[in-house]
Structure formats: C-alpha cells, structure tokens
Amino acid sequence: MPRRDLENLAKRYNSASAQKMAMRGPGGPGRGPGGPGGPRSRGTGGKPKDTGKTIKRLFSYVSAYKARMCVVFVFMVLRTLSALAGSYMLRPIINNYIAAGRMEGFLYALLTLGAVYLVGIVTTYAQNRLMITVSQNAIEKIRNDLFGKLQKLPVRFYDTENNGEIMSRFTNDVDNIGMMLDSTLLSLVSGSITLVGTVVMMVYTNIWLALLTMLFTPLFMKAGSMIASRSRKYYSAQQAALGAVNGYIEESVSGQKVVKVFCHEDICEEEFGLLNSDLRNKQLNAQFFGGIMGPVLGNLSQVSYALTIGIGGILCAVGSFDVGGLTVFGNYARQFSQPINEVANQVSTIFSALAGAERVFNIMDREPEAPDAPDALDMTDMKGHVVLDDVTFGYNPDKVILKHISLYAKPGQKIAFVGSTGAGKTTVTNLLNRFYDIQEGSITIDGVDIQQIRRETLRHNIAMVLQDTHLFTGTVMENIRYGRLDATDEEVIEAAKTASAHSFIMRLADGYDTMLEGDGQNLSQGQRQLLNIARAALSKAPILVMDEATSSVDTRTERHIEHGMDRLMHNRTTFVIAHRLSTVRNADAIMVLEQGEIIERGNHDQLLAMKGRYYELYTGKRELD
C-alpha cells in the first residue's frame, strides 16, 4: 500500500470520524451524520497546545486532597533532613573516630546515625503510601469526570467518534496519568526539596567545591531541554497512533462477520500492519529520546563528580580541607545530581501522561448538549399530538438534509416514512428526540414547542425500537427493565407478553433470569428485537418510533415481531420507518420522502391511486435504492 494510503488510514482513525460516519451513522450507511457531508471530529495528535495549562489542570485533581498533600510534604522534608543529616554525620565520625583511631563513643555515634536513617526509612514509606492514595483518588475522580462527561455529550459526538478511540482515553491515557501521579509527581517534589537542601549543605561544607559542582547545572539543563523538546513531540504522536490502532481493532473485531463475508481478512491484516508499524516507529522515537535522557545526564553527573572529588583531593593534600568533609561532600555531589537523574529517567512517563491528559481533557472540554431553557416544561400527561411545521435541517449548515417538512400526527395515529436511503427518514426521528436541533421551522407536541420541553421529559415520552438492537450485560429481566427502572417484575413480564417475547423467554435455561452477555449473542436477531420491543412497551411512552425494526429478520420472524409491534402501537402515536412496504399498509398516513422533501402523502390506497413514486415502489416498477 502506498505511503499516502498509510497517512490517510492513520488520519482517518486518529480523528476517529470518517470510518465511524461511513459505517455507523444514524439509521445505517449513508444516513444522518453518518452520510456524506456529516460533521467531522477534531484530531488528537500533534504537540500539546498548552503544556502549562494541561499540567495546572491535572494537578487541580491532586490539590483536592490538600490536607494529605501537606502531610506528604512534611514527610518529604523529614526524609530530606534525615538524608542530609545522615550524610553530614559521616564527617565527625570519620574525622573524630576512624581517622583518629579512637573507638570510645564510636558505637554511640553509629547508633545515632542509624536512628537518623531509620527516620528517613519510616517517612519514605509513609509519604509513598499517602501519595499512592492521593494519586489513585485523583485518577478515580478523572475517570468519573470523563465518564460523566460522556453521558452529557450530544448524539453528534457518538456519531463522529470511534469507540476504540474513546476507550483508549479510559485505558492507556488515564493509566499513563496514574503512573505519573503515583511516582513522578512524588519524585519531582521530593527531588526539589532534596536539591535545595543539598545545595545548602554543599555550600556549608565547602563553598568552592559547591560552586564548581553547580557550574555543571546549566549544562544539565541545556541537555535535558534539548532532549525533552524532541521527546514531548514524539510522545504526543505515539499516543495519537495508539488511539488509531485501538480504533481499528475495535471496528475490526465488532465487524468481523462483515470482514469474513467479503473475504477482507488479508486487507485487514495489511491495514493493521501499516497502522501498527506506524505506531512502532513513533514509539521507537518516543522511547529513544525518553530513554537517553537518563544516561546522558548520568554521564554528565559522573564527569562533574569525578572533577569535584579530584579537586577536593588536592585540597585535602594541601591541608585546606579534611577527609571527612571530602567524603561528605562526595555524598552531597551525588545527591545533587540524583533528583535530576530521577526526573530524566521518568521523562517518558511525564510526556506520555501529559499527552494522555490533553486527550482526556479534549473530551471533557467538548460542548455538552445545550441546556434546557430556564422555563422548560415538565409535561406529565403528554397525549402525543405531534406537528412538524416547515422544518428545515442539515447536520452541517451548508448541507441541508430536510427541506420544509410539514406533517402532523394525532394521538394514536400511525405515520409511516418510506423513500430511498438518505432521503431523511431517520433524521425526522432524530429531530423529534432532540438529538439534533432544527435550524428552521418548529416541532410541537400537544401544542408545545419541543425546545420548551425538558429533554428528559421529552425522551421519557418517546420510545424507540431501532433496527440495531443493543442489550446490556445482565439478565433478560434487567434488560427489559431498562425501559423503566422502577417497573415491577409483573410489569416486565406483562411487557414481554405484549411484545410476544414471553414464550421464547420461558424456553431459555433460566427464563427471565437468563444472563445475557456480548450484546445478547446467545439469542437470535429476532429474539433480541423482541426484547427491544418489550423494553419499549414497558416505558409506556405515548409516542413510539419504529426505525426499520424488522428489516434484518426473516419473513416468519417478521410476522412474529409485527404481532408484538401491533400490540405495542395500540393507542400510541407511532412513526414507522420501513423499507418493506408491506409493513406500512395499515398506516393512517404514509410520507414518501426524496432528497429531504415529502413528494407524496396519503394512506396506502390513496397513494396507489395516484400512481406516483409510491405506486412504482409498491408494484416493483421502481426499487428502493
């Protein structure tokens, strides 16, 4: 595959939009935002736009635990003082006991030194334990905020984002943030305290050797800055490429039957190999530049240490410095470079976490569904009188999908939509639920504009049976009860009977307690649809939307489902979208849509008498495309 194809492939899954929209737009291929001209999502790759802002926002999750962080800070100071004091105590021990050959009091000095180091051990354990608690609490809060945001995002977001890409934010990105908070944050703060204390003790021990050691600091900083700038760029690219791989895996696994039917296994392997190779190349660069910082700075610190000790030895030889002081200063010289080396060794974690944090915050910053109007109504007794008045709508402002649509449905009526794929049938039902808001015209229910009705109230009063069923992990009873969580077991069973699902449920191994997993893969498509209908029946919503609910089942199963749907539609205002015209013959009114316009309307007999588009479709003189 040419290089340009790899770039297009990676871009497609990085932005997580094109493939999602081509295959999973509302109502199937080519419809709604999934069709041509649908909205596009933003990419997630590249260098972070504002690293400082990302760090500040990330640490705001830690600052929520200020009391614990204060205790951690106290332990860090005690640990640093213990390390510095323990190192300095070697000077009198060496000068007064070892060099002088005097053993009196030597054991007491060693015990004192051991007690000082014991304080360091205890405080190190305590600070690590507390910091892990703080970091894991922060990660829990980040995950909750991210998941909570997903519940508030509009349907447009899910129509344009890839599921694997979203999952990558919860797994790889959040895990990288957790690794940084667990260890790197502690190293940064502790290292800063250690560095300051070490510099003070170095100056106190010997100011000239201290100045010589600190002359290497600008060199450390310059080398670290050069490597970090390259590493940051490559880690951002690595995270984006990882999201692309996850997105491709998710789509390939969920669409494996389609892959096998069309014998695309080899093509899938090739495309995945290209994406995986792209990820490998970006990881190589990221890991290389992240990994060389430690050795580079470590070697520089060794040079600094050797030079300092060499000159210190000369000072001892001429008598201007003592052996104990040189030993202590050697320890401080190592401690001086240790915090820098620790941070350098964790630079890969830092930049992975920052890149991941930006991707997580990118979702958190997405615009949620527009809030309800301050005076929005709670309609507790909705009848189902629906009116669309001169409605015009496009998923993108420059591409109109529906053009001046007007229709009405009285309570209890059945309104059917037929027409070619992409004509706008599913879009009408999306607007009814306020998944999208119209640009022109109005939609009213019982005389009230739906934009003046609280979304929760509106959607509670509209039940949907879609072509693509979705069942959750849980029992049959729990899946039906999803339609109304406060329903009793008796109400659930009655809803199943209404949907003609009770008989097959009782034939399952555990009846209503049968556990469903993998989106109900242990049931047939028809059985899953019957559960979907039962869920809608349980909701008791006065308005019902049936979006090609029988298009993916055989004729015998279709008749069985239709019996359940007929009982479900009784006394409800129903909107039916169907390719099989036989399912809409008994509709009170049939709307024939073409290119976003209603070109014919009437009941079955009236439309046949007109001998227009509907007549051609019904008699087979013209097929639905």
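The values are calculated or read from the model by the stated rules, or taken from the named source; none is laboratory data. Because the structure is a prediction, the values reported are computed rather than measured. Cβ sites come from the backbone with ideal geometry, for glycine too, and all protein chains shown count toward neighbours. Accessible surface is based on the protein model in full, side chains and every heavy atom, while ligands, DNA and RNA are left aside. Shrake-Rupley method; radii C 1.70, N 1.55, O 1.52, S 1.80 Å.
Return yes or no: is residue 249 farther than 30 Å from residue 427 by Cβ, outside any loop (DSSP other than H, G, I, E, B), within 29 Å of the chain's Cα centre (by Cα) and not basic (Lys, Arg)? So residue 249 fits the description; yes. Please work out if residue 549 is under 21 Å from residue 463 (Cα atoms), modelled with pLDDT under 85 and of a type in the set (A, V, I, L, M, F, W, C). Spelling it out, residue 549 is indeed under 21 Å from residue 463 (Cα atoms), modelled with pLDDT under 85 and of a type in the set (A, V, I, L, M, F, W, C).
If you check 287, 256, 238 for being over 30 Å from residue 81 (Cα atoms) and crowded, with 22+ Cβ neighbours inside 10 Å, only one passes: 238. Only one of the numbered conditions (1) open to solvent by 10 Å² or more (accessible area, probe 1.4 Å); (2) in contact (Cβ under 8 Å) with a residue 40 or more places away in the chain; (3) in contact with a Leu (Cβ under 7 Å, 6 or more places away or on another chain) is violated by residue 382, and that is (3). Can you report the number of residues in region 180-235 which are surrounded by fewer than 17 Cβ atoms within 10 Å (Cβ to Cβ), within 19 Å of residue 321 (Cβ to Cβ) and hydroxyl-bearing (Ser, Thr, Tyr)? So the answer is 1. Filtered by the rule that a residue be of a type in the set (A, V, I, L, M), part of a helix (DSSP H, G or I) and either buried (at least 16 other Cβ atoms within 10 Å of the Cβ) or touching a residue at least 40 places away in the same chain (Cβ under 8 Å) (or both), region 482-532 gives 492, 493, 495, 496, 505, 530, 531. If you go through region 309-327 and pick out every residue that is in a helix (DSSP H, G or I), at pLDDT below 80 and of a type in the set (Val, Ile, Thr), you end up with 3. Would you call residue 301 open to solvent by less than 30 Å² (accessible area, probe 1.4 Å) and either touching a strand residue (DSSP E or B) at 6+ places or on another chain (Cβ under 6 Å) or at pLDDT below 80 (or both)? Judged against the criteria, residue 301 is a match.
Look at (1) in contact (Cβ under 8 Å) with a residue 12 or more places away in the chain; (2) hydroxyl-bearing (Ser, Thr, Tyr); (3) surrounded by fewer than 16 Cβ atoms within 10 Å (Cβ to Cβ) and you find that residue 427 fails only one, number (3). Among the residues making up region 266-286, those that are within 25 Å of the chain's Cα centre (by Cα) and more than 16 Å from residue 240 (Cβ to Cβ) are 268, 271, 272, 273. Only strands (runs of 3 or more DSSP E) whose full extent lies in region 389-478 are considered here, and the ones with at least 3 residues that are more than 28 Å from residue 583 (Cα to Cα) are 440-445. Tallying residues that are modelled with pLDDT under 85 and under 18 Å from residue 171 (Cβ atoms) within region 246-281 yields 9.
Counting only helices (runs of 4 or more DSSP H) that fall entirely inside region 101-181 and contain at least 1 residues that are among the aliphatic types (A, V, I, L, M) and within 22 Å of residue 81 (Cα to Cα), the qualifying elements are 106-152.
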